[in-house]
Amino acid sequence: MERLGRYLEQANMAKNQKPRRRHIPNRTCVGCRQTQAKRNLMRIVRTSEGVLYDPTGKANGRGAYVHNDSACWERALKESLENALNVSLSEKDRKHLSEIMTSLPAENDAN
Ligand SMILES: [Zn+2]
């Protein structure tokens, strides 16, 4: 129950684009370029192993943030993620990130 409540709260905040507290650090989604409280975004990190989804948000390396939304991931994977991380995605990276993307809930509320 609690997990569901938290999920709904995050989904709701993502739509409203209104951080409740000013001290929450904001990050920009590389997909849609909208600023969002860090905890509402998924982190992708560049490591020596490649470019990986970072569920902990704490992995060492240059990071980029993307909404929990397949549309944002699609845009990010096209080019903005490579720019943000200053790296070229390998086939392996793309496969990994595409797998994450397809596991996201499809949300068609935008526009
Ligand atoms: Zn986004």
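Full-extension gain between Glu74 and Thr35, please, as 0.36 nm times their residue separation minus the C-alpha to C-alpha distance.
Details: separation 39, 0.36 × 39 = 14.04 nm, distance 1.76 nm.
Once the chain is fully extended between Glu74 and Thr35, it gains 12.3 nm.
How high is the FRET efficiency between Thr102 and His23 when r is their beta carbon distance and R₀ equals 30 Å, given to the nearest 0.05? Write out the running numbers ahead of the final one.
Values: r = 35 Å, r/R0 = 1.16.
Given R0 = 30 Å and the Cβ-Cβ separation, E is 0.30.
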* FRET efficiency, 1/(1 + (r/R0)^6) with R0 35 Å, evaluated for Arg62 and Glu9 via beta carbons -> 0.75
* Label-point separation in nm, Ser88 to Ser48, each point 7 Å along Cα→Cβ -> 2.2 nm
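We did not get these values from a lab; they are worked out from the coordinates using the rules stated. Just so it is clear, the structure is predicted and the values come from calculations on it, not from any experiment. Glycine gets a Cβ as well: all are built from the backbone with ideal geometry, and neighbour counts include every protein chain shown.
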